[in-house]
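Have a look at the structure below before the remarks.
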Amino acid sequence: MTRWAILLEYDGTTFVGWQRQATGISVQEILETAAAKLTRGEPVASIVAGRTDAGVHAEGQVAQLDLPDALPAQKVRDALNFHMKPHPVVVLKAAAAPAGWNARFSAIGRAYRYRILNRRVRPALLAHRVWHVVADLDTDAMHRAAQSLLGRHDFTSFRAAACQAKSPLRTLDRLDVRRDGELIEIVTEARSFLHHQVRNMVGTLKLVGDGSWPVERVASALAAHDRAAAGPTAPAEGLCLTGVRYGVDLYHALN
């Protein structure tokens, strides 16, 4: 068997998230069902770099699949895409992974983008892709507040109650807030994130942007180590997993 690194994009709107659930369709189910078509019906288990929640999208998700030897990369990609129709999940690239590689544990960085549409009129073309916020947001203040979260901290205040991580300690490498007209983008990078950490940080920064909180209160919320001290969880639809970094360029030969 050959271990494949599968680069995926998907629209999370209609899915219950990445992981299989008792009810509803997951991205994992769609991928594994398609992969079984390449193994004559034998079940194929996947491992993913980041388990996205219901409604969260991905431009650069990475999963691993073990498939029979001698399948060329283009055939793996095209066959999976054929069998995943008509679901909004596609394989962008497929590459044979190096020995010992694991989609989750070999990752050294993950990047997310959160988009806010900041205008009075609701979205049409960007529906299910943004958080629609009517109140005018001060993105400069949001960015200044975001910088207090950089570095290694106990992120209990920004952690979901259901988070299963053993430790709340994480190192946040980047958290930038920028505006392009009516669209606000919040870009963040870290080796790994706690459950709902990005959405909880965004929900908190929104309070700074609309004037409900002073900039300094975000640092105080972080120091409190208490989920109740931070802001609400931002909606899922504005969030997108944009990329996963590894110590090797998995797709170099395919560029």
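The values are calculated or read from the model by the stated rules, or taken from the named source; none is laboratory data. Note that the coordinates shown come from a computational prediction; the quantities given were computed from them, not determined experimentally. Cβ atoms come from the backbone with ideal geometry, glycine included; neighbour counts cover every protein chain shown. The area values use the complete protein model at the heavy-atom level, side chains included, leaving out ligands, DNA and RNA. Shrake-Rupley method; radii C 1.70, N 1.55, O 1.52, S 1.80 Å.
In table form, for the structure just shown:
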| read-out | value |
| --- | --- |
| Unit Cα scatterers, Debye sum, segment 156-223: log10 I(q)/I(0) for q = 0.12, 0.13 Å⁻¹ | -0.34, -0.40 |
| Heavy-atom accessible area per residue - the chain, 1.4 Å, Å² | 49 Å² |
| Prolate/oblate/rounded label for segment 1-115 (Cα gyration tensor, a/c 1.5) | oblate |
| Solvent-free Debye scattering, log10 I(q)/I(0), computed from the Cα coordinates of the chain at q = 0.08, 0.11, 0.17 Å⁻¹ | -0.34, -0.62, -1.25 |
| Carbon and sulfur %, accessible surface of the chain computed with the full protein complex present, 1.4 Å | 51 percent |
| Segment 141-255: C-alpha gyration tensor shape, a/c 1.5 cut-off, then a/b vs b/c | oblate |
| Taking the chain and dividing mean pair separation by its residue count, relative contact order in percent (alpha carbons under 8 Å, at least six apart) | 23 percent |
| Top of Val56, Val90, Val134 by mean-square fluctuation, Gaussian network on the chain, Cα under 10 Å | Val134 |
| Solvent-accessible area of Met1 with every protein chain in place, 1.4 Å probe, in Å² to the nearest 10 | 140 Å² |
| Three-way shape call for segment 54-130 based on the alpha-carbon gyration tensor, with the a/c threshold at 1.5 | oblate |
| List His128, His195, His57, ordered by accessible area with a 1.4 Å probe, largest first | His128, His195, His57 |
| Approximate spin-label separation Asp140-Gln164, in nm, with each point projected 7 Å along Cα-to-Cβ | 4.5 nm |
| Cross-link reach list, lysines versus Lys75, counting only Cα pairs under 29 Å and skipping chain neighbours closer than eight places | Lys37, Lys85, Lys93 |
| Mean Cα-pair separation over length for segment 1-89, i.e. relative contact order, pairs under 8 Å, 6 or more apart, % | 41 percent |
